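Visitor: Below is one structure. I have some questions about it.
None of the figures in this text is laboratory data; all of them are computed from the coordinates on show. Everything numeric in this text was worked out from a predicted model, so none of it was measured. When we count neighbours, we look across all protein chains shown, and the Cβ atoms used for this are built from the backbone with ideal geometry, even at glycine.
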Amino acid sequence: MTKDTQRQAPKRPRSKEPPSAEPSAAMDEPSPLRRGEVPVGMEAEGPARLPPSDEPRSRDDIVRDIASDIAAVAQKLVTDKTSVADMKLIHASLKEMRRAFSVFSQYREIRKVSTFGSARTPPGSPQYEQAREFSRRMADAGFMIITGAGPGIMRACNEGSGRDRSFGINIRLPFEQGANDIIDNDPKLVTFKYFFTRKLMFVKEADAIALFPGGFGTHDEGFESLTLIQTGKSRPLPVVFIDAPGSTYWKTWKRYVERHLLKEGLISKADMRLFKVTDDLDVAVNEIMHFYARYHSSRFVGDRLVLRLNSPLARSTIADLNAEYGDIVARGTIHQTEALPEEAGEPELAHLPRLVFHSARRHFGRLRMLIDQVNDS
């Protein structure tokens with residue numbers, strides 16, 4: 001297999017709930033109102049709705065209804081006499097998200113790895129070289145790499161994947177954080193004012209997360225990612241903590257988690273399955289690749305969790321899953337089926353078999369164990 005062939009990105013139309021709209025290029029300019037829209041300044045408890053119809057609602061209809069909700073909320077901010085500072089925060093946040101959505105929407109079908117690590121790691125150091133080589137391998141496997149766009153580990157990851165397969169999610173700081181020379185001036189570079197909007201994009205757009213040694217920011221991003229997965233606020237995805245060869249940085253962190261969080265009952269044993277600590281790049285890459293061996297993606301339809309699969313499971317395997325994972329099923333059983341009618345808006349995924357069950361919406365470490373068993377079967 002040639003390198004060019006290896007870098008063909010795996011197609012993976014992803015589900016997001018609710019579906020994200022393709023942002024307008026002219027967000028800052030007013031546009032004519034359409035049916036189902038409300039102008040800012042018109043008080044409404046909710047969006048103006050289209051008349052009931054037996055016909056399926058289009059993406060545009062859904063987007064217009066949501067935009068009407070946003071307009072109604074904006075009007076309430078006025079009537080609530082929201083401060084100028086808070087209005088500026090909301091306005092800047094919305095513009096930042098709109099810009100980021102627009103950039104990432106062009107690469108929606110390509111899997112991505114969000115990477116974190118210190119801005120102070122010097123080129124040529126073991127940590128730098130490990131990050132660079134990891135990103136090169138993931139790019140060769142068809143993934144794109146998301147970094148914070150700065151120096152250190154961030155530059156190493158952009159360098160490893162190459163400019164064409166890199167995103168940069170920069171943050172404006174008075175020190176350290178100018179965009180590195182690999183991703184600077186690239187159309188896939190987005191600069192944020194706020195950490196919370198930036199962190200949203202790191203997790204929202206990721207199909208995997210890789211962390212290298214770093215400071216407060218790296219630990220913050222690692223713990224927040226694990227919290228979102230543990231609580232079901234993020235879809236399941238692999239998280240790997242990668243040391244330089246022979247280093248004990250993340251191994252020491254894992255011992256802390258085991259001795260203080262797990263031993264004292266602050267997390268469950270199953271939560272330890274939400275991440276992998278290693279200094280071996282073969283292990284790190286395999287952790288991500290194997291996660292998508294049979295598992296494809298997931299979404300909720302009401303209280304039903306839908307796991308899309310790349311290939312169907314044997315009946316005996318489904319029986320084993322029901323015997324083992326009843327604690328995460330609210331009622332009924334885990335069963336294999338075709339696409340649900342509610343998924344009609346994602347025709348590109350209609351051919352995939354599904355595992356469907358009424359989710360208890362807890363014990364997401366156990367859900368990760370179920371996914372691992374699906375991939376191993």
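Visitor: Summing Lys, Arg as +1 and Asp, Glu as -1, what charge do residues with Cβ under 10 Å from the Cβ of R273 carry, R273 excluded?
Guide: +2
Visitor: Take E129, project a point 7 Å from its Cα along the Cβ direction, then tell me which residues of segment 271-296 have their backbone nitrogen under 14 Å from it.
Guide: Under 14 Å, as judged by backbone N against the label point of E129, lie 281 of segment 271-296.
Visitor: Holding the Cα-Cα limit at 21 Å, pick out from K112/K188; K88/K199; K112/K276; K88/K193; K95/K193; K112/K251 the pairs that are longer than that.
Guide: Numbers: K112/K188 13 Å; K88/K199 19 Å; K112/K276 18 Å; K88/K193 12 Å; K95/K193 10 Å; K112/K251 25 Å.
Over 21 Å Cα-Cα: K112/K251.
Visitor: Here's a follow-up. Show me 297-304, 331-338, 364-371 ranked by packing, highest mean number of other Cβ atoms within 10 Å first.
Guide: 364-371, 297-304, 331-338
Visitor: Here is a further query. What is the set of long-range amide H partners of H296 at a cut-off below 5 Å, with H atoms built 1.01 Å from backbone N?
Guide: Amide H neighbours of H296: R308, L309, N310.
Visitor: By per-residue mean of other Cβ atoms within 10 Å, what is the highest-first order of 243-255, 77-89, 133-145?
Guide: Packing proxy ranking, top to bottom: 133-145, 243-255, 77-89.
Visitor: Test of understanding: ordering H351, H363 by Cβ neighbours within 10 Å, fewest first, what list do you get? Mind showing how you got there, number by number?
Guide: On the way: H351 9, H363 19.
Least to most surrounded, the residues fall as H351, H363.
Visitor: So what J values fall out for segment 262-269 if you push phi through Karplus, 6.51 cos²θ - 1.76 cosθ + 1.60 with θ = phi - 60°, rounded to Hz, Gly and Pro as x?
Guide: Those phi angles translate into 6, 4, 8, x, 7, 9, 9, 4 Hz.
Visitor: What residues have an amide H closer than 5 Å to that of A149, excluding those fewer than 5 places away on the same chain, when H is modeled at 1.01 Å from N in the peptide plane?
Guide: Hits under the 5 Å cutoff: I169.
Visitor: Take peptides 354-360, 164-170, 180-186, 342-348 and line them up by average Cβ neighbours within 10 Å, highest first, as a rough protection proxy.
Guide: In decreasing order of mean packing, 354-360, 164-170, 180-186, 342-348 become 164-170, 354-360, 180-186, 342-348.
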